[in-house]
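Report on the following structure.
Each value in this text was obtained by applying a stated rule to the coordinates, not by laboratory testing. All figures in this text were calculated on a predicted structure; none of them were measured in a lab. Cβ sites come from the backbone with ideal geometry, for glycine too, and all protein chains shown count toward neighbours.
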Amino acid sequence: MFWLFLGIALIMLTIALLTGFQITRSMAGETQAPGFVTGMVSRSDANGNEFFYPIVAFTLPDGSRKIVQTGVGSWPPAYAVDDAVTVVFDPERPSTARIATPAGALAQWIWTLVTGILAVAFFLAAWLAWWVAGGAT
C-alpha cells in the first residue's frame, strides 16, 4: 500500500505544481483596467434556469476601446448597467476578459488547491501504511 499511496501522492503533487506554474504564468501576463457594465445578456441553461452575463467596456493599453461579454453568468444578476468594475485581461487576447472578483481568482486556483490537498493526504496515507507495516521500527 505504501508504494501505491506514494505514487498517487507524487502524481497529485506533480499536477498541483504544473497547474500552479501555468496559472502564475498566465496571471503574470494579464493586465487590469477600469471598465463598466454596458449591458446584460440573459441565457437559459438546459434546465430552464436563467443566468445573466455582463457585457463590459474597457480601454486597451493601445488606447482603443473593447466591449466583451464575460463568460461567467449569475442569478440573480451580480451587476447592473453602468456599474464600475475592474476588468482583467490578456493584452494578446482581450476577448477573454473577465471581471476581477475574489471568487474568480479562487476559481483559477481550484485544481492546484485540490490536487495539493490530495497530495498531502496521500503522503500521509503512505507514511501511515509504512508505519503500520513496521517501517517505524
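What the table below lists for this structure:
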{"item": "Normalised per residue, the volume of the convex hull around the Cα set of segment 1-70 (Å³)", "result": "135"}
{"item": "Estimated translational D of the chain in µm²/s (Stokes, Kirkwood radius over Cα pairs; 10 °C; 1.306 mPa s)", "result": "89"}
{"item": "Folded to 0 to 90 degrees: helix 2-28 orientation relative to the chain principal axis, Cα", "result": "20"}
{"item": "Normalised contact order of the chain, rounded percent, pairs of Cα under 8 Å and 6 or more residues apart", "result": "33"}
{"item": "Filtered trypsin sites (Lys or Arg not before Pro), segment 59-137: DSSP coil and at most 11 other beta carbons within 10 Å", "result": "none"}
